[in-house]
1. Using 0.36 nm per residue of separation minus the Cα-Cα distance, give me the extension gain between SER131 and GLU150 in nm, one decimal.
2. As an exercise, identify the trypsin sites (Lys or Arg not before Pro) in region 56-128 lying in DSSP coil whose Cβ has no more than 14 other Cβ atoms within 10 Å.
3. Using θ = phi - 60° and the Karplus relation 6.51 cos²θ - 1.76 cosθ + 1.60, list the HN-Hα couplings for region 138-144 in order, rounded to whole Hz, with x at every Gly or Pro.
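Please treat every number below as a calculation from the coordinates, not as lab data. In this text, all values refer to a predicted model and were calculated from it rather than measured experimentally. Here the Cβ is made from the backbone with ideal geometry for all residues, glycine too, and neighbour counts use every protein chain on show.
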Amino acid sequence: MQTVNDCCNQSARYLFLMSNKKKYSSYDDFYRNLHTSGASIIEFNNGSVPCICVENEQFKKFVNYAAGRKMAVDTNLDIYHNEKDVFVQINMNILDTDFEDSFLFHANEMVAFFKAMLDSALIVLSPTDPSLMSENIFAIQLPKKESLEEAFRIISKYTNKTGFE
């Protein structure tokens, strides 16, 4: 029986990268960098949208950058896969500022999250403190529908899931 590390050593060269934002050299690199504050699907504007929980201080920093500004958030998805495991890094950059953040997820168990992203064309950020969440969420519109469709096609292909599981 192969371990994850054995599999990684044999197949790391097959990882597919849609853009060169960050480079990971092993499965351990991926797992060490996974977003650990949580992610879910929430009801928002009469629909289901993906929600990324961020630490309260990080959320406050993000909102402070955005407060009172007309702004645009450039959001890109980097997809890494070895035809078995799929990792998706969501990169966000508030244009005309130095604010940039990224969130890495193991997509194999989160296909519904990415399906909700495709269907809603939104990502919501919220603080990890549930008492703050009801009043403090930050929604980001994702204008690149074709990119979302291609990302979801890759995710569903390599996870063998449709997002309805």
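1. Using 0.36 nm per residue and subtracting the Cα-Cα distance, I get 3.2 nm.
2. Counting only loop positions with at most 14 other Cβ atoms within 10 Å, the trypsin sites (Lys or Arg not before Pro) in region 56-128 are ARG69, LYS70, LYS84.
3. Each residue of region 138-144 in turn: 10, 9, 10, 6, 10, x, 8 Hz.
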